[in-house]
Amino acid sequence: QVQLVESGGGLVQPVGSLRLSCTASRNIVTINVMGWYRQAPGKQRELVATITRDYSTDMVDSVKGRFAISRDNAENTVYLQMNSLKPEDTAIYYCHADVRLSGTSNYDAYWGQGTQVTVSS
């Protein structure tokens, strides 16, 4: 079983910064796309940013210029650097990864447990 362990959430004032991390918990053959989603109270979960194994990135328009996604393939870790945070960024942030395990040929989707980000003065 794969676990994605997230860290780095918390309370920050507007225009502040946070850095989220997510690491896969076991030796994995290949992780393809990794990404971050978020869910604000009363809203659907939305995609924030994704990064492929060869470092191509995509990001929702509302965070472009403020957030950056990166990854360390050797450490099976993905990061989300969040700058110039706004109150509307407040949400639970979930890590996502498409993982192929040893002895299998398919990629399966895994999710982290979520980490709360609150932007408030």
Self-check item: Translational diffusion of region 51-114, µm² s⁻¹ [Kirkwood Rh, Cα pairs; Stokes-Einstein; 25 °C; 0.890 mPa s]
Solution: 180 µm²/s
Practice problem: Note down the net charge around GLY35, summing +1 for each Lys or Arg and -1 for each Asp or Glu among other residues with Cβ under 14 Å from its Cβ. | Solution: 0
Quiz item: What does the charge add up to near ASN73, with Lys and Arg as +1, Asp and Glu as -1, over the other residues with Cβ less than 12 Å from its Cβ?
Solution: -1
Exercise. Please identify every one of the trypsin sites (Lys or Arg not before Pro) in region 1-103 that sits in a loop by DSSP and has no more than 13 other beta carbons within 10 Å of its own beta carbon.
Key: ARG26, LYS43, ARG53, LYS64
Practice problem: Filter the chymotrypsin sites (Phe, Trp or Tyr not before Pro) in region 1-73 down to the DSSP loop ones having no more than 16 other Cβ atoms within 10 Å, then list what survives. | Solution: TYR55
Quiz prompt | Spacing of the two label points (7 Å from each Cα toward its C-beta) at VAL5 and GLU88, in nm | solution = 3.6 nm
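What is the Rg over Rh value, at two decimals, for the chain, using alpha-carbon atoms and the Kirkwood definition of Rh?
Details: Rg = 14.2 Å, Rh = 14.5 Å.
Rg/Rh: 0.98.
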Self-check item: Carbon and sulfur %, accessible surface of the chain computed with the full protein complex present, 1.4 Å
Solution: 45 percent
Quiz prompt | Sum of side-chain charges, VAL117 neighbourhood, beta-carbon under 15 Å (Lys, Arg +1; Asp, Glu -1) | solution = +2
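Using the alpha carbons of region 10-54, what is the convex hull volume per residue in cubic angstrom, as a whole number?
Dividing the Cα hull volume of region 10-54 by its residues yields 130 Å³.
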Quiz item: Please state the relative contact order of the chain as a whole percent: Cα pairs under 8 Å, 6+ residues apart?
Solution: 36 percent
Self-check item: Accessible area per residue, Å², the chain with all protein chains present, probe 1.4 Å
Solution: 53 Å²
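The values are calculated or read from the model by the stated rules, or taken from the named source; none is laboratory data. Since the structure is predicted, the reported quantities are computational estimates derived from the model, not experimental observations. All Cβ positions, even for glycine, are placed from backbone atoms using ideal geometry, and neighbour counts span all protein chains on display. SASA here: full protein model, heavy atoms, side chains in, ligands and nucleic acids out. Shrake-Rupley method; radii C 1.70, N 1.55, O 1.52, S 1.80 Å.
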